[in-house]
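Here is the structure we will look at.
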């Protein structure tokens, strides 16, 4: 460590090694001390100062790459991770915070280095200044000045509250225009506009003065005031109360220790004697929880009041979180003799103050340090917070940095170009002076003439134009900088660098003009281009159209004669001449369009709304007067460049066009622009031509629609119309149910004549006119609309009609198309047939996807007894829709109010969205897996993780997938398919696929008996074993040999009881049995219990709905264990748990008494000793015992006597009558 009288210089590595040696600790590995050790890319950017290894308030997680830590203040959420055993690195902080670290947290002092306030120090070569943060004692803001070409200036506020004094802070104002501000965004929300600290303090003092009467001696005082504070913080309120209310403040021993460190311990304002003050400081959450809203704790307040002998308690909770936007700024919670005043006193900046702070510094960017998912700066929440400061940051600097990404050179080259540009600007001024002086002699020199063969020509420009002295002077004044300053090699290099940043359709002269107008600054040239990209493209198209249509619309340029006459002296290389004369070779319209302030968006609207005109290039003849020539050249600012464009031609370029395939450059004689930017000048662009241009797109299109070679003509026609945009083509294909594929008028006219031709003539006409056969397209459209699953079983081929191939995972679109058909189908038989066809393809091609498909069809993700739910509300789904479809909540609400179904709303939003590329197809197994993943998300950040999964699913949706995915998420599929429909459909699919003769004969009647048997068997099996994970694989393995006896009950899986039917009385019930013997059971006023004993001896209890209630009845478990015989290894009992009063003659009690027992949970078990209501178990039936079903087999003999007689000897008794008829 070295120091001087002016600047303190520190080295983190040396300090760290010295600290380790002083503590006799082993030396660290070389990586933290080496500047070459990599910084993990996943490290939170809000904790790391760019271009350094300085970590701020980051003491948890992997930080082995650094030994330089900075702590902004002594609050637990910032120093979390510090302990007395800390030895990871050196901690730099303010002197007050350093003292708290060593005395309160007991950190080894060699690892803590205090830095002076308002004095610049140098650490590891970087200048760092600490200034007050107006937060808590010792809280500071860090000002980092990082040297070097990749350095910068950064401000890290820590936790702070903005004050007017910061506007005039000499250190802080040096960081105006800094590269970034790491901002305390605790209250970055417009609703947080709480008052100033002084106003809040005045309120607290006024309440104490008003309420605090009767303060004096005696054992019972009147009012106790409680002030909630942090370990460090809110000292300003306490000091003001003590000073203005003339009271001491009572604190506990820990708070007093902190106050002594802060210098307030010996001030006489604080005391540890409870009886010495009626203003007591309590912990932060003693009076109630403050997040996410305040929840008072009056019970704790009563305990404190009774303990300390007061008759009334008034509490103060000073925090911005308690602020409520009401007429009264200071909310009050009252109950009996308790009051809690919610004081919006905050040591964080409110929303308006945050904006004022950012406005003061005007940084290039704001990096939030507090909030949900701020560790990921690309997250939606971080982006949302940054939008609050739009217009307050330096947008121009951000724009320059963004454009540097397009520049494919090193940073050094960019800097060199900028330096050259600034140097040339100075030289330009000198040259202008010299040229002005020499103009008289140079113009009269007839000895110089420039051969027009060396100058490049725009396409369509044939002859040079004659310029007079006025034109030459105007030209010299307009050029900047002087092109003579670059030689040919440098100019070519500059042109090539700019060409690499632009689309290939940009002409050479346009590049020269951009270089000239930007002062040879590549970044500015790229910026200028993309601001007027549409205009440049229209110019190129106009020039191309002019060349192909007529040469009479071109200008005649004769440079040699005019320059020879005018004596325009040029001695620069050809590249420089090109630059100087680039504006001469442009048409007048081109010149003025470059100067136009019309934005691309406005230009686009103008083209769409006005008829196209022919290109008009002004001819300048030698006989025209100078005034007229000048007017012809320059007075065109009100006219746009007109091009020979057909209606619906090229509009504003999209990002997809920038990255799409391109045609040869104009300079090489080819056509201009990307494939779907071409102006449809050639009306003979036919499907055959489209097939050549869009070969890859056609193949991809056919693959998406599951078409074949017969679809190629249709695909070519659609892609020709959409200029190769697959997304638009798919929209036309799937959304246009009338089959109108948007053919041109010519195609329609020709097709009308084709329909009246013979087959041979039809072929000739189509070949001659190169028009696709619309009848074929209509047939194709009709086949797609008629989803194959709606076909009768004998006509449906599970392999050929499927939209994927054997061995491939089944796509979710297979389910979505089926659901779409089921939605409109009301008949159960037809719906079952559709589901059957859907399952047949899955069984044939992707058997492993059958089980996930069954779950998705029944809108489940697990068996009912597992209690696994998505726990997703409509609000979360709507938020995901906003992110996935680029819509907003207001529009979604309006659409929902109009449509009434969130799935239909989502589908509508998806259809109106254009994507850069077709999404990767959703798979059935992936959707099901994602839903299971969502159900497992718990804890902090689970909502964000759920949303991310949902957004990823939505972004991959095609056709109708979005609608049914959203309905699945909100648990309302609306297809009318229940378990009793889905399982028989699967069983029928198994029968069809297991019958090879069915495909040859195609007769369903031959399989009718098998279909009915297997359908009934699978439903019965599910009734006794309601677990699809067991039923579906067994059905697939056994095939037609499957029966209800294939599966047995499994203890631990509850069986759903049959629902009772309402009857008008006993006579009607007896009539239903038709004089058959039956058993009946007494209806007890208790709770139905299904008691399972597992192989390991565990007893589990389920309600009639299948919900587990084992934790609620520990006494039932004891009763069952005492009652069962040793031979009873496993069993399932159907019983009723009834409350009983054993002290009053074993009286049976009501269900309300039973309900008063505690419910318990996995985390809060009920013990037998805590039970106040006794119970008795009445067993109705033994449904399963030792591996055998026991519907009636194990029914005991009737008991004699009243239930009370049985209760005297046993807690568990049988209540039943034997059935004499075995069929009952």
Q: Enumerate the pairs (first residue in the stretch 1081-1096 and assigned by TED's automatic domain parsing to the domain that holds residue 1123 and farther than 14 Å from residue 1134 by Cβ; second residue anywhere and outside any loop (DSSP other than H, G, I, E, B) and at pLDDT below 90) with beta-carbon separation below 7 Å, excluding pairs fewer than 6 apart on the same chain, so at least 6 apart or on different chains.
A: 1085/1151
Q: Kindly provide the set of residues from the stretch 237-267 that are within 20 Å of residue 319 (Cα to Cα) and crowded, with 18+ Cβ neighbours inside 10 Å, ordered by number.
A: 237, 238, 241, 242, 249, 251, 255
Q: Could you tell me whether the stretch 1028-1040 includes any residue that is touching a strand residue (DSSP E or B) at 6+ places or on another chain (Cβ under 7 Å) and either without any contact (Cβ under 8 Å) to a residue 24 or more places away in the chain or more than 22 Å from residue 794 (Cα to Cα) (or both)?
A: no
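Can you find even one residue in the stretch 1118-1125 that is closer than 12 Å to residue 1054 by Cα and touching a strand residue (DSSP E or B) at 6+ places or on another chain (Cβ under 7 Å)?
The answer is no; no qualifying residue exists.
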Q | Boolean, residue 1133 is outside any loop (DSSP other than H, G, I, E, B) and within 17 Å of residue 1051 (Cα to Cα) | A | yes
Q. Residue 1008: over 22 Å from residue 855 (Cβ atoms) and in a helix (DSSP H, G or I), yes or no?
A. yes
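For the condition out of contact with any helix residue (DSSP H, G or I) (no Cβ under 6 Å at 6 or more places or on another chain), within 20 Å of residue 864 (Cβ to Cβ) and either not in a strand (DSSP E or B) or not assigned by TED's automatic domain parsing to the domain that holds residue 1176 (or both), what is the one hit in 1075, 1105?
From the options 1075, 1105, the qualifying one is 1105.
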Q: Being outside the structural domain of residue 724 (by TED's automatic domain parsing), loosely packed, with under 15 Cβ neighbours inside 10 Å, modelled with pLDDT of 85 or more and assigned to a helix (DSSP H, G or I) narrows it down to one of 875, 879, so name that one.
A: 875
**Q.** Residue that is modelled with the lowest pLDDT [pool: residues in the stretch 705-717 that are over 19 Å from residue 919 (Cα atoms) and crowded, with 20+ Cβ neighbours inside 10 Å]
**A.** 711
Q) residue 190 passes all but one of (1) more than 21 Å from residue 269 (Cα to Cα); (2) more than 36 Å from the chain's Cα centre (by Cα); which number fails? A) (2)
**Q.** The listed residue being at pLDDT 90 or above and within 36 Å of the chain's Cα centre (by Cα), out of 146, 201, 208
**A.** 146
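Restricting attention to the stretch 161-172, report how many residues are assigned to a loop (DSSP other than H, G, I, E, B) and in contact with a strand residue (DSSP E or B) (Cβ under 8 Å, 6 or more places away or on another chain).
2
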Q: Go through the stretch 503-523 residue by residue and tally those that are assigned to a helix (DSSP H, G or I), within 28 Å of residue 395 (Cβ to Cβ) and in contact (Cβ under 8 Å) with a residue 24 or more places away in the chain.
A: 7
Q: Might you check whether a residue that is surrounded by 19 or more Cβ atoms within 10 Å (Cβ to Cβ) and out of contact with any strand residue (DSSP E or B) (no Cβ under 7 Å at 6 or more places or on another chain) occurs anywhere in the stretch 150-160?
A: yes
(Q) I'm trying to understand the selection: among the residues of the stretch 860-873, which are under 18 Å from the mean Cα position of the chain (by Cα) and under 28 Å from residue 980 (Cβ atoms)? (A) 872
Q: Report, by residue number, each residue of the stretch 173-216 that is in contact with a strand residue (DSSP E or B) (Cβ under 6 Å, 6 or more places away or on another chain), under 18 Å from residue 364 (Cα atoms) and in a helix (DSSP H, G or I).
A: 175
Q) residue 145: farther than 28 Å from residue 231 by Cα, out of contact with any helix residue (DSSP H, G or I) (no Cβ under 6 Å at 6 or more places or on another chain) and assigned to a loop (DSSP other than H, G, I, E, B), yes or no? A) no
(Q) Taking the criterion of being over 19 Å from residue 10 (Cα atoms) and surrounded by fewer than 15 Cβ atoms within 10 Å (Cβ to Cβ), would at least one residue in the stretch 47-55 satisfy it? (A) no
Q | the stretch 1041-1063, subset out of contact with any strand residue (DSSP E or B) (no Cβ under 9 Å at 6 or more places or on another chain) and modelled with pLDDT under 80, residue nearest to residue 1022 (Cα to Cα) | A | 1058
Q. Quick one: would you say residue 985 is in contact (Cβ under 8 Å) with a residue 60 or more places away in the chain, in a loop (DSSP other than H, G, I, E, B) and over 25 Å from residue 1102 (Cβ atoms)?
A. no
Q: Taking residue 841 as the residue in question, decide whether it is out of contact with any strand residue (DSSP E or B) (no Cβ under 6 Å at 6 or more places or on another chain), over 17 Å from residue 908 (Cα atoms) and surrounded by 15 or more Cβ atoms within 10 Å (Cβ to Cβ).
A: yes
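The values are calculated or read from the model by the stated rules, or taken from the named source; none is laboratory data. Note that the structure is a prediction, hence the values are computed from the model and not measured. Please note: Cβ atoms are built from the backbone with ideal geometry, for glycine as well, and neighbour counts cover all protein chains shown.
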